[in-house]
Amino acid sequence: MSFSGDLKRLNAARWRIAIRLTLAMMVLYFGFILLVAFRKPLLASALTPGLSLGILLGALVIVAAWILVWIYVRWANRNYDSGVAALRGRL
Amino acid sequence: MTSSLGEPNLIAIAGFFLFIAVSLGITYLAARRTHDAEHFYAAGRNITGLQNGLALAGDYMSAASFLGIAGLVALSGFDGLIYSIGFLVGWPVVMFLIAEPLRNLGRFTFSDVVAFRLRQAPVRVAAAAGSLAVVVFYLIAQMVGAGNLIRLLFGLPYELAVIIVGTVMLAYVLFGGMLATTWVQIVKSVLLLLGAFLLAGLTLARFDFNPLALFQAAGDQYGREILGPGGLVSDPIDAVSLGMALMLGTAGLPHILMRFYTVPDARTARTSVSYATAIIGVFYLLTFILGFGAMVIVGQDAIRGVDAGGNMAALLLAEVVGGPGFMGFISAVAFATILAVVAGLTLAGAAALSHDLWVHVIRGGHASDKEQLRVARVASALLGVLAIVLGIAFEGQNVAYMVGLAFAIAASANFPALLLSVFWRGFTTRAAQASMLTGTASSLLLIYLSPAIQVDVLGNAVAVFPLRNPGIVSIPLAFLVAVAVAVLWPEPEAADGFSELERRMAVGAGETARSNGRSRNP
């Protein structure tokens with residue numbers, strides 16, 4: 001297979017996962033912001049004494065950001081770096 | 001309750017001087033190794049992933065985060081958390097879309113990447129305009145925070161306080177460059193995390209280490225609605241606009257983007273973002289505790305009594321749970337925080353002025369290392385003086401809000417052009433220029449027309465533009481202008497350069513000589 005073909009495939013794979021993860025982060029975060037903007041009483045409702053749905057979801061958005069970053073790093077360390085190393089070897 | 005805030009606090013003063021002494025020592029050591037532009041802007045590209053992660057966190061967790069958000073949560077409850085969360089979600093975007101291409105394609109500034117396959121001069125001028133607008137807004141917020149902090153703790157006049165901060169910061173940047181600035185960020189990051197953990201621990205000790213008991217106490221005292229969204233986001237569209245600015249702005253902040261050049265390769269850039277995201281996330285989760293802790297333990301009236309904006313809430317909380325000595329420690333940490341961020345911003349501004357404007361536009365890409373370094377130092381000194389003057393002029397502005405505006409400018413001016421330049425073959429010089437100038441001008445104009453300036457500052461009855469944050473208009477506008485211009489005026493040479501960009505983005509510059517854009521690589 002040609003160098004430029006492999007390069008294109010590798011870059012395309014990285015953009016594919018990068019865009020999916022970015023969209024996932026946007027959906028989660030803007031979903032949260034839209035709830036804040038349009039469903040105020042729902043977010044103020046208490047799940048247990050002291051814990052409102054809003055505070056729980058807010059903390060979960062931060063945790064979700066961690067998880068998405070972790071997914072990307074794991075993918076890139078396992079799949080992307082080896083592809084880059086193979087291409088470099090053929091330079 | 002009575003507070004000793006406003007009287008000189010010996011531990012705070014000792015802490016200030018200790019931090020200044022340590023950081024000047026670092027600067028002295030770094031200065032001996034800073035002989036060329038590679039060291040001045042990029043710390044010789046020898047920073048490790050963990051070090052850069054801490055330094056990124058240090059650049060990012062500004063006075064707005066520590067003092068501003070704790071104050072916002074203390075005074076308005078849940079609403080303040082919207083800032084905490086928004087400031088974090090920008091980091092995954094930086095990781096997925098920007099960090100690795102940036103590291104492999106550029107040398108010192110993000111305009112290196114935008115200009116990679118485009119015509120140098122027009123792109124650099126537009127990028128420098130955007131960078132400088134962001135840096136100036138961000139600087140004002142930090143200087144105002146620093147001035148107020150020192151005034152309250154030392155009993156010094158506000159103006160003198162601003163001059164002291166500006167001068168000390170300049171000493172790091174002028175002599176130690178990026179290496180000194182990076183180590184100052186690392187020391188500050190560790191101190192800030194330690195301080196926030198101690199303060200949160202001492203606070204939670206009063207609630208059997210159960211955050212829910214703290215939130216419940218806040219609800220009992222101030223009404224349960226304090227735990228849900230309230231008046232701060234009265235306009236839903238404004239809430240979305242602020243959210244867009246916070247999420248996409250991080251990926252356009254010149255002082256953050258510049259940090260990716262201090263590491264040796266793309267993989268280390270990736271590692272450093274994951275450390276930064278973890279550290280910053282923990283810190284923002286702690287702001288939940290600090291804010292509600294100050295609300296319950298100090299009380300909203302006492303916080304407002306010291307500073308109407310609530311910016312001193314974390315310090316008051318420290319005094320109640322740990323005594324004046326602990327408050328002195330936390331104040332010194334807050335001071336270190338501001339000083340470090342100001343140094344990072346000044347360096348980014350100096351890079352835009354000297355690397356982008358002087359070297360690439362005025363000197364056509366040819367300037368000796370000695371000349372570059374001299375111009376960078378003169379630019380830093382000018383920016384330091386500008387920061388002092390603006391800090392004095394804007395006394396009394398709300399710190400977190402000003403930073404929100406800097407994010408809106410960054411998201412509109414820098415982010416669209418940066419993303420499109422690495423992602424879209426059809427992107428052109430004209431499109432980059434139009435997008436960056438439109439983003440900068442539209443966000444600045446809409447800020448001027450917003451209620452914050454028209455109603456609060458100028459005293460008009462209504463504002464022409466109803467939103468307090470321009471992001472929802474100016475970010476899509478910058479993208480639209482970019483796409484429209486690129487489609488109407490295609491640039492075949494720029495498209496030809498895309499294959500080289502794709503190669504470099506994946507494998508890096510490797511052992512081949514670094515070429516920087518088409519002007520030097522015909």
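Give the Rg/Rh ratio for the protein assembly as shown, taking Rg as the radius of gyration of the Cα atoms and Rh as the Kirkwood radius, to two decimals. Could the numbers behind the result be given before it?
Working: Rg = 23.3 Å, Rh = 24.3 Å.
On the Cα set of the protein assembly as shown, Rg over Rh gives 0.96.
Run the Debye formula on the Cα coordinates of the range A:3-89, all scatterers equal and no solvent, and tell me log10 I(q)/I(0) at q = 0.11, 0.19 1/Å.
-0.47, -0.86
Just from its helices, what would the mean residue ellipticity at 222 nm be for the protein assembly as shown, if runs of 4 or more DSSP H residues each count -39500 (n - 2.57) and the sum is divided by every residue, rounded to the nearest 500 deg cm²/dmol? Don't skip to the end; give the middle numbers.
Details: 27 runs with 440 residues, N = 613.
Helices in the protein assembly as shown give a 222 nm mean residue ellipticity of -24000 deg cm²/dmol.
Report Rg/Rh for chain B, rounded to two decimals, where Rg is the Cα radius of gyration and Rh the Kirkwood radius.
Taking Rh as the inverse mean 1/r over Cα pairs, Rg/Rh reads 0.97.
Count the net charge of all other residues whose Cβ sits under 15 Å from the Cβ of A:Ala12, scoring Lys and Arg as +1 and Asp and Glu as -1. Walk me through the numbers before you get to the answer.
Working: positive: A:Lys8, A:Arg9, A:Arg14, A:Arg16, A:Arg20, B:Arg425, B:Arg503; negative: A:Asp6, B:Glu100, B:Glu502.
Counting the neighbours of A:Ala12, the net charge comes to +4.
Given Cα pairs under 8 Å that are at least 6 residues apart, what percent is the relative contact order of the range B:238-343? It would help to have the intermediate numbers written out before the result.
Details: 37 pairs, mean separation 13.9, N = 106.
Reported as a whole number, the value is 13 percent.
Non-local amide H neighbours of A:Ser52 (under 5 Å, H modeled in plane, Pro and chain starts lacking H): which ones?
Here the answer is A:Leu47, since their amide H atoms fall under 5 Å of that of A:Ser52.
Return a whole-number percent for the relative contact order of the range B:10-398, with Cα pairs under 8 Å and 6 or more residues apart as the contact set.
On the way: 620 pairs, mean separation 151.7, N = 389.
Rounded, it is 39 percent for the range B:10-398.
If amide hydrogens are placed 1.01 Å from N in the peptide plane, which non-local residues have theirs closer than 5 Å to the one on B:Gly365?
Result for B:Gly365 returns B:His360.
For Cα pairs less than 8 Å apart in space and 6+ apart in sequence, what is the mean separation divided by the residue count of the range A:3-89, i.e. the relative contact order in percent? Working shown, then result.
Values: 37 pairs, mean separation 33.0, N = 87.
38 percent.
For the range B:95-215, compute Rg over Rh where Rg is the Cα radius of gyration and Rh is the Kirkwood radius from the inverse mean 1/r over Cα pairs.
Numbers: Rg = 20.5 Å, Rh = 18.5 Å.
Result for the range B:95-215 is an Rg/Rh of 1.11.
For the range B:383-522, what percent of Cα pairs sit more than 27 Å apart? Show your work: numbers first, answer last.
Details: 3864 of 9730 pairs.
Summing the P(r) tail past 27 Å for the range B:383-522 gives 40 percent.
Nearest 10 degrees is fine. How inclined is helix B:49-60 to the longest principal axis of chain B, computing both from alpha carbons?
Between the helix axis and the principal axis of chain B, the angle is about 70 degrees.
Hey, got the Cα dimensions of the range B:290-360 along the principal axes, in Å, largest first?
55, 24, 17
What list of ³J(HN,Hα) values in whole Hz, one per residue of the range A:81-87 in order, does the Karplus curve 6.51 cos²θ - 1.76 cosθ + 1.60 (θ = phi - 60°) give from phi, with Gly and Pro shown as x?
Once θ is set to phi - 60°, the couplings for the range A:81-87 become 4, 5, x, 4, 4, 5, 5 Hz.
Using DSSP to define loop residues, name the trypsin sites (Lys or Arg not before Pro) in the range B:1-83 whose beta-carbon has at most 11 other beta-carbon atoms within 10 Å.
Working: sites: B:Arg32, B:Arg33, B:Arg45; in loops: B:Arg32, B:Arg33.
For trypsin sites (Lys or Arg not before Pro) across the range B:1-83 that sit outside H, G, I, E and B with at most 11 neighbouring Cβ atoms in 10 Å, the list reads B:Arg32.
Roughly how big is the range B:10-398's charge dipole about its Cα centre, with Cβ charges of +1 (Lys, Arg) and -1 (Asp, Glu), in debye to the nearest 20? Write down the numbers at each step before the final one.
Working: 20 positive and 20 negative charges, 253 e Å.
Using only the charged Cβ atoms, the result is roughly 1220 debye.
Would you list B:Val273, B:Val455, A:Val73 from fewest to most Cβ contacts within 10 Å? Working shown, then result.
Details: B:Val273 27, B:Val455 14, A:Val73 17.
Placing the least packed residue first, the sequence is B:Val455, A:Val73, B:Val273.
By count of other Cβ within 10 Å, fewest leading, how are B:Lys188, B:Lys370 ordered? Each step should come with its number before you reach the end.
Values: B:Lys188 27, B:Lys370 11.
Going from sparsest to densest Cβ surroundings: B:Lys370, B:Lys188.
Between A:Val73, A:Ser4, A:Tyr29, whose Cα lies farthest towards the positive end of the dipole of the range A:3-89 when Lys and Arg beta carbons carry +1 and Asp and Glu beta carbons carry -1, centred on the Cα centre?
Of the candidates, A:Ser4 comes out farthest on the positive side.
Excluding residues fewer than 8 places away in the same chain, name every one of the aspartates and glutamates whose C-alpha is closer than 17 Å to that of B:Lys188.
Within reach: B:Asp59.
On a 0 to 90 degree scale, rounded to 10, what angle separates helix B:313-351 from the longest Cα axis of chain B?
The angle comes out at about 10 degrees.
Angle, helix B:429-449 long axis vs. longest principal axis of chain B, Cα atoms, 0 to 90°, nearest 10?
30 degrees
Only sites in a loop by DSSP and with at most 15 other Cβ atoms within 10 Å count here; which chymotrypsin sites (Phe, Trp or Tyr not before Pro) in the range B:178-246 make the cut?
Numbers: sites: B:Trp183, B:Phe197, B:Phe207, B:Phe209, B:Phe215, B:Tyr222; in loops: B:Phe209.
Answer in residue order: B:Phe209.
Taken together, the values in this text are just the output of simple stated rules run on the coordinates, not laboratory data. As the structure is a prediction and not an experimental result, all values here were calculated from the model. Using ideal geometry, Cβ is built from the backbone for each residue, glycine included, and neighbour counts are taken over all protein chains shown.
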